[in-house]
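**Q** Below you'll find the structure I mean.
The values are calculated or read from the model by the stated rules, or taken from the named source; none is laboratory data. The shown structure was predicted, so the numbers you read here are calculated from the model rather than taken from an experiment. In this analysis, Cβ positions are derived from the backbone assuming ideal geometry, glycine residues included, and neighbour counts consider all displayed protein chains. Just so you know, the surface numbers come from the protein's heavy atoms only, side chains and all, with ligands and any DNA or RNA stripped out. Shrake-Rupley method; radii C 1.70, N 1.55, O 1.52, S 1.80 Å.
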Amino acid sequence: MITSVIIEDEIPAQKIITNFLIKLPNVELVATFNAAIEANTFLNKQEVDIVFLDINLPDMSGLDFIKTVKNPP
């Protein structure tokens with residue numbers, strides 16, 4: 001099973017990605033976050049295979065955020 005998380009501050013975009021992932025039998029959505037700060041704690045404790053990451057997050061860019069994760073996917 002491929003594990004994934006969504007980091008997206010816009011709820012409609014979260015729903016679109018979630019609805020897409022539900023249709024994939026080998027992908028499990030383990031968490032959804034509205035902000036990078038929330039996701040940072042989670043991703044530094046639990047590894048995932050895929051991150052669906054918004055580039056324009058409110059507290060920092062998605063690209064800057066992924067550099068802070070200890071074991072990025």
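**Q** If I filter the range 61-73 for residues that are touching a strand residue (DSSP E or B) at 6+ places or on another chain (Cβ under 9 Å) and of a type in the set (D, E, K, R), do I get at least one hit?
**A** Going residue by residue through the range 61-73, those that are touching a strand residue (DSSP E or B) at 6+ places or on another chain (Cβ under 9 Å) are 62-63, 65-66, 69, 72-73.
In the following step, the residues that additionally are of a type in the set (D, E, K, R) were identified as none.
No - not one qualifying residue is present in the range 61-73.
**Q** Kindly provide the set of residues from the range 26-40 that are assigned to a helix (DSSP H, G or I) and open to solvent by 80 Å² or more (accessible area, probe 1.4 Å), ordered by number.
**A** Ile37, Glu38
**Q** Among the listed residues Thr18, Thr68, identify the single one that is of a type in the set (Val, Ile, Thr) and at pLDDT below 95.
**A** The match here is Thr68.
**Q** Is one or more of the residues making up the range 48-60 out of contact with any Ser or Thr (no Cβ under 8 Å at 6 or more places or on another chain) and assigned to a helix (DSSP H, G or I)?
**A** No.
**Q** Kindly list, by first and then second residue, each pair from a residue in the range 1-28 that is within 19 Å of Gln46 (Cβ to Cβ) to a residue that is of a type in the set (Gly, Ala, Ser) and surrounded by 13 or more Cβ atoms within 10 Å (Cβ to Cβ), limited to pairs with Cβ atoms under 6 Å and residues at least 6 apart or on different chains.
**A** Close Cβ pairs satisfying both conditions: Val5/Ala31; Ile7/Ala39; Val27/Ser4.
**Q** Follow-up. Would you point out the residue of the range 41-73, among those that are of a type in the set (A, V, I, L, M, F, W, C) and out of contact with any helix residue (DSSP H, G or I) (no Cβ under 8 Å at 6 or more places or on another chain), that is most open to solvent (accessible area, probe 1.4 Å)?
**A** This residue is Leu63.
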